[in-house]
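Student: Input: one structure, supplied below.
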């Protein structure tokens, strides 16, 4: 007899994923636009250098800034035209055509315009939801969320740099300011106030698209089902429950899903675990068959005192502990 510890939660999921994964079915029912990663680049400009692991987000973005303001504005206008056409097709419920237009819009955008790309990806995700293409919806929503996370890091680093520069400037002013000037009120800085208002609006826009993308990915994961996807949906809803800019209607939906998902996750876990053991049994029978044995002759028995397991082998009515 020997003891065998119960497998951990994560090890079960890894084994299930290994045994049950199969190649995805090719998608050829829709003509797709150009990949958005192939953004146009002027031929007379130096290509972007590879991103280093220790670079800041702002430094990585600066490497990609290779278009002049005029070129960027022209590409952005072209992208907006494709996006507007996609919006019209979406409202007409022509979701496949809308996806193609959104892809065309993404294809002409400079790759460092993460917010605009995230909006397009989120729009594509909702098209896939309407087509009940859950896996594609998850893919596009995840791309949008990842792009926004990167953009938020860039914005954070820029804010920190501005604050550091402002603190340094104030320290210098404290040294040279006269006693009379120190009694005067602070000078108004309308330009700075306008810039800060624009930054606040930008942060609000990013948060808005992030909420939409999380809601869309959570729904797609829930609809696709399976242990891993349901757990992913649960994590998305937990994240949404902590965000202050979720609408009251969506808050109710999030709260409902947080109540309903746990039993579904448990059922999916038990189902996939049973399927895993069935596959292992078939594999074991294939290996034991040449020796005239089968897995039915091996029994797992739990020790009530220790909680451990022992395996017993029985043949022809007799049993022998191994």
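Student: Inspect region 234-244 for any residue being in contact (Cβ under 8 Å) with a residue 40 or more places away in the chain and either exposed (fewer than 13 other Cβ atoms within 10 Å of the Cβ) or out of contact with any strand residue (DSSP E or B) (no Cβ under 7 Å at 6 or more places or on another chain) (or both) and give the result as yes or no.
Tutor: no
Student: Mind telling me which of the residues 276, 234 ends up being within 30 Å of residue 203 (Cα to Cα), in contact with a helix residue (DSSP H, G or I) (Cβ under 7 Å, 6 or more places away or on another chain) and part of a helix (DSSP H, G or I)?
Tutor: 234
Student: Of the residues 253, 310, which single one is surrounded by 13 or more Cβ atoms within 10 Å (Cβ to Cβ), outside any helix (DSSP H, G or I) and either on the phi < 0 side of the Ramachandran plot or in contact with a helix residue (DSSP H, G or I) (Cβ under 9 Å, 6 or more places away or on another chain) (or both)?
Tutor: So the residue among 253, 310 that is surrounded by 13 or more Cβ atoms within 10 Å (Cβ to Cβ), outside any helix (DSSP H, G or I) and either on the phi < 0 side of the Ramachandran plot or in contact with a helix residue (DSSP H, G or I) (Cβ under 9 Å, 6 or more places away or on another chain) (or both) is 310.
Student: Go through region 88-109 and give me each residue that's over 17 Å from residue 137 (Cα atoms) and either buried (at least 22 other Cβ atoms within 10 Å of the Cβ) or out of contact with any helix residue (DSSP H, G or I) (no Cβ under 6 Å at 6 or more places or on another chain) (or both).
Tutor: Passing the criteria: 88, 91, 92, 105, 107, 109.
Student: Something else about it: Does residue 149 satisfy being surrounded by fewer than 18 Cβ atoms within 10 Å (Cβ to Cβ), assigned to a helix (DSSP H, G or I) and modelled with pLDDT of 90 or more?
Tutor: Yes.
Student: Please find, among 282, 205, the residue that is within 40 Å of the chain's Cα centre (by Cα), at pLDDT below 90, surrounded by fewer than 16 Cβ atoms within 10 Å (Cβ to Cβ) and part of a helix (DSSP H, G or I).
Tutor: Result: 282 is the single residue among 282, 205 that is within 40 Å of the chain's Cα centre (by Cα), at pLDDT below 90, surrounded by fewer than 16 Cβ atoms within 10 Å (Cβ to Cβ) and part of a helix (DSSP H, G or I).
Student: Of 139, 83, 66, which residue is surrounded by 16 or more Cβ atoms within 10 Å (Cβ to Cβ), on the phi < 0 side of the Ramachandran plot and part of a loop (DSSP other than H, G, I, E, B)?
Tutor: So the residue among 139, 83, 66 that is surrounded by 16 or more Cβ atoms within 10 Å (Cβ to Cβ), on the phi < 0 side of the Ramachandran plot and part of a loop (DSSP other than H, G, I, E, B) is 66.
Student: Can we say residue 126 is surrounded by fewer than 24 Cβ atoms within 10 Å (Cβ to Cβ) and under 19 Å from residue 235 (Cα atoms)?
Tutor: It is false that residue 126 is surrounded by fewer than 24 Cβ atoms within 10 Å (Cβ to Cβ) and under 19 Å from residue 235 (Cα atoms).
Student: Moving on to the next point. Right, residue 263: outside any helix (DSSP H, G or I), within 40 Å of the chain's Cα centre (by Cα) and surrounded by fewer than 13 Cβ atoms within 10 Å (Cβ to Cβ) or not?
Tutor: Judged against the criteria, residue 263 is not a match.
Student: Does residue 291 qualify as being surrounded by fewer than 12 Cβ atoms within 10 Å (Cβ to Cβ) and at pLDDT below 85?
Tutor: So residue 291 passes the test.
The values are calculated or read from the model by the stated rules, or taken from the named source; none is laboratory data. Since this is a predicted model, take the numbers as computed values, not measurements. With ideal geometry, Cβ positions are generated from the backbone for all residues, glycine too; neighbour counts draw on all protein chains shown.
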